[in-house]
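The values are calculated or read from the model by the stated rules, or taken from the named source; none is laboratory data. This structure is a prediction, so every number in the text was calculated from the model and none was measured. Cβ sites come from the backbone with ideal geometry, for glycine too, and all protein chains shown count toward neighbours.
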Amino acid sequence: MRRTSHTGTGALGTASAAPSPDSRGTNSQVSETQLPYHSLVESIDGIVWEADGETFRFTFVSKQAERILGYPVSEWVNDPQFWINHLHPDDGTGSSNPV
């Protein structure tokens, strides 16, 4: 598992080659065992995300992403090219394969 943290932009995320066993692919389904984690994530004033380490497709993005960056969470998790399509051109070199 590759973990990244960048406090300058308020982002915290994980990228993994294998999907996490509790990953649902949407933010709307939260099991009882996930409630404490979900509450913690939603209380953070920053973007928390999880992505597949091979495809870099987002599997979870916290609600703060829309408030901070303006893109709905549904776009982050439903568009397989979301990350690549939203990189600044100066940041694109080598970033299409971030792991």
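What to note about this one:
- For Glu54, the requirement of being at pLDDT 85 or above and loosely packed, with under 13 Cβ neighbours inside 10 Å is met.
- Qualifying residue in the range 59-68 (condition: surrounded by 13 or more Cβ atoms within 10 Å (Cβ to Cβ), at pLDDT below 90 and of a type in the set (A, V, I, L, M, F, W, C)): no
- Flag for Val41 being modelled with pLDDT of 90 or more, in contact with a strand residue (DSSP E or B) (Cβ under 6 Å, 6 or more places away or on another chain) and of a type in the set (Val, Ile, Thr): no
Residue-by-condition table, conditions (1) of a type in the set (A, V, I, L, M); (2) modelled with pLDDT of 90 or more:
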residue	(1), (2)
Ala11	yes, no
Ala17	yes, no
Gly46	no, yes
Val73	yes, yes
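- In the range 27-73, the residues that are part of a loop (DSSP other than H, G, I, E, B), under 11 Å from the mean Cα position of the chain (by Cα) and among the hydrophobic types (A, V, I, L, M, F, W, C): Phe56
- Failed item, numbered, when Asp91 is tested on (1) under 30 Å from Leu35 (Cβ atoms); (2) modelled with pLDDT under 85: (1)
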